[in-house]
């Protein structure tokens, strides 16, 4: 929602649909950060109990 509000304030005529997916792809393909770090950057909770442990 934050990105959407920025786009509205800048009066841009496009949406941020797919931003999360694009970020995750970039993080996994172009950086050496662990999956958990990328998820934390997106403020997502790791749902899988085994991975979370």
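The values are calculated or read from the model by the stated rules, or taken from the named source; none is laboratory data. What you are looking at is a predicted structure, and each value in this text was computed from that prediction instead of being measured. Quick reminder, even Gly has a Cβ in these numbers, built from the backbone with ideal geometry, and neighbours come from all protein chains shown.
Which of the helices (runs of 4 or more DSSP H) found entirely inside the chain contain at least 3 residues meeting this: under 12 Å from the mean Cα position of the chain (by Cα)? Explain how you work it out, then say what you get.
On the way: elements: 2-9, 19-30, 35-41, 49-52.
Of the helices (runs of 4 or more DSSP H) lying wholly inside the chain, those with at least 3 residues that are under 12 Å from the mean Cα position of the chain (by Cα) span 19-30, 35-41.
Set side by side, the residues 6, 37 differ, and just one is surrounded by 10 or more Cβ atoms within 10 Å (Cβ to Cβ) and either in contact with a helix residue (DSSP H, G or I) (Cβ under 9 Å, 6 or more places away or on another chain) or at pLDDT 90 or above (or both), which is 37.
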